[in-house]
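Structure record follows, encoded as structure tokens.
Every number in this text was worked out from the coordinates using simple rules, so none of it is lab data. Remember, predicted model here, so these are calculated numbers, not experimental data. In this analysis, Cβ positions are derived from the backbone assuming ideal geometry, glycine residues included, and neighbour counts consider all displayed protein chains.
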Amino acid sequence: MEEFYWRGLLTDHTKKWNGLFSILFSSILFSLNHLVFGIHSELFRGYEVLLSTFVMGMVWAITYKKTNSLRWVILSHFLVDFLNLSVPSFLDLYKATF
């Protein structure tokens, strides 16, 4: 659902903007959203989350603009989420803060 909003709806809504501004706008909001509403764990907080989600948002927005399809963006986002959330759990690195 995230990609339908962040890349599909938001990027399509700003398609009349300069391409770079549209990509930056959606990527910054995507990054801030993950910083504020992300998983509540010490492992997934801090400037690293802000930077990594911003870079991923940029890559996915560029991919969406170039392909005009959410297919590869959704697949990539799924793989990132699956690996990002499952590997720390398997290694018992998850530290709940509540």
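Structural remarks
- Virtual spin-label span in nm between Met1 and Lys16, 7 Å along Cα→Cβ: 2.9 nm
- As a rough guide to protection, the peptides 53-66, 73-86 ranked by mean Cβ packing within 10 Å, highest first, stand as 53-66, 73-86.
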